[in-house]
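Contents: one structure, followed by commentary.
The values are calculated or read from the model by the stated rules, or taken from the named source; none is laboratory data. Just so we're clear, the structure is a prediction, and the values are computed from it rather than from any experiment. Here Cβ is always computed from backbone atoms with ideal geometry, including for glycine, and neighbour counts include all displayed protein chains.
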Amino acid sequence: MELTTRQKEIIKIVRENEPISGDKIAKRLGLTKPTLRSDLSLLTMTGILDARPKVGYIYSGQTIEPLLFEELYHKKIGDIMVPPILIKQTTSIQDAVTDLFLHDAGSLYVIDDDDHFVGLLSRKDLLRATLNNPNIDTSPVAIIMTRTPNIITVTPEERVVDAGYLIVHQEVDSLPVVETDDSQKVVGKISKSKLLTHFIEAGLQIEKNKEV
């Protein structure tokens, strides 16, 4: 997969000035550091650059195979997402806890009577609720869930690398996948564990193909 012009320029700057901080790279390009985050994340994940705490970025000298890059990072989220676990906003906290453990899920997505996505419940949300609420068998999840639009979502057409970046930088375990043309319709979930499975399976398959 061909790197972008900006990514190639970042590599050139690092090679000529290593070690160099993200702030200095951004300054040389006349951009802000947040603008470069996705580029720097991709270049470090692919092994082209190495990020060293309190030192900066250095050039590793590694290259990436186009097919490996395409398979690992540019695959669509819709190709690897898993079905979401949906519950109604009137569901009791007790029943939500049961659903969470029955499905061995890290989060539950909450919908209203029209099946519109209205909220999210994490394991931490439910743990806090069970510790502080003596009426979990009657209290609805609507009172403890994180509500939209304060939830980061992705669409099936976005890339795996984009989902990975959001999960890492938002410090969440998973992201709801919503329809491209309807952000109120949840169609899947992408999680840390699913991303890890994808990377391992794709990498093993590429190695297997080399041996043939």
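Would you point out which residue out of ALA96, ALA105 is under 24 Å from ILE190 (Cβ atoms), touching a residue at least 12 places away in the same chain (Cβ under 8 Å) and part of a loop (DSSP other than H, G, I, E, B)? Write out each step before concluding.
Numbers: ALA96 fails: part of a loop (DSSP other than H, G, I, E, B).
Checking each option against the conditions leaves just ALA105.
Over 19 Å from the mean Cα position of the chain (by Cα) and at pLDDT below 85: does that describe GLY61? Don't jump to the end; show me each part of the working.
Working: over 19 Å from the mean Cα position of the chain (by Cα): yes; at pLDDT below 85: yes.
So GLY61 passes the test.
Against the test of being at pLDDT 90 or above, out of contact with any helix residue (DSSP H, G or I) (no Cβ under 7 Å at 6 or more places or on another chain) and surrounded by fewer than 16 Cβ atoms within 10 Å (Cβ to Cβ), the options LYS76, LYS88, LYS54 yield a single qualifying residue, LYS76. Residues in the range 113-134 that are within 25 Å of the chain's Cα centre (by Cα) and not in a helix (DSSP H, G or I): ASP115, HIS116, PHE117, VAL118, GLY119, LEU120, LEU121, SER122. Is one or more of the residues making up the range 144-159 part of a helix (DSSP H, G or I) and hydrophobic (A, V, I, L, M, F, W, C)? Within the range 144-159 (the criterion being part of a helix (DSSP H, G or I) and hydrophobic (A, V, I, L, M, F, W, C)), the answer is no, since none of the residues qualifies. Quick one: which residue in LEU3, LEU31, LEU42, LEU49 is modelled with pLDDT of 85 or more, among the hydrophobic types (A, V, I, L, M, F, W, C) and surrounded by 17 or more Cβ atoms within 10 Å (Cβ to Cβ)? Result of the check over LEU3, LEU31, LEU42, LEU49: LEU49. In the range 116-132, the residues that are without any contact (Cβ under 8 Å) to a residue 24 or more places away in the chain form no Cβ pair under 8 Å with any partner that is surrounded by fewer than 18 Cβ atoms within 10 Å (Cβ to Cβ) and aromatic (Phe, Trp, Tyr), whether six or more places apart or across chains. Within the range 33-54, identify whether any single residue is at negative phi, in a helix (DSSP H, G or I), free of Cβ contacts under 8 Å to residues at least 24 places away in the same chain and not polar (S, T, N, Q), and answer yes or no. Among the residues of the range 33-54, at least one is at negative phi, in a helix (DSSP H, G or I), free of Cβ contacts under 8 Å to residues at least 24 places away in the same chain and not polar (S, T, N, Q), which makes the answer yes.
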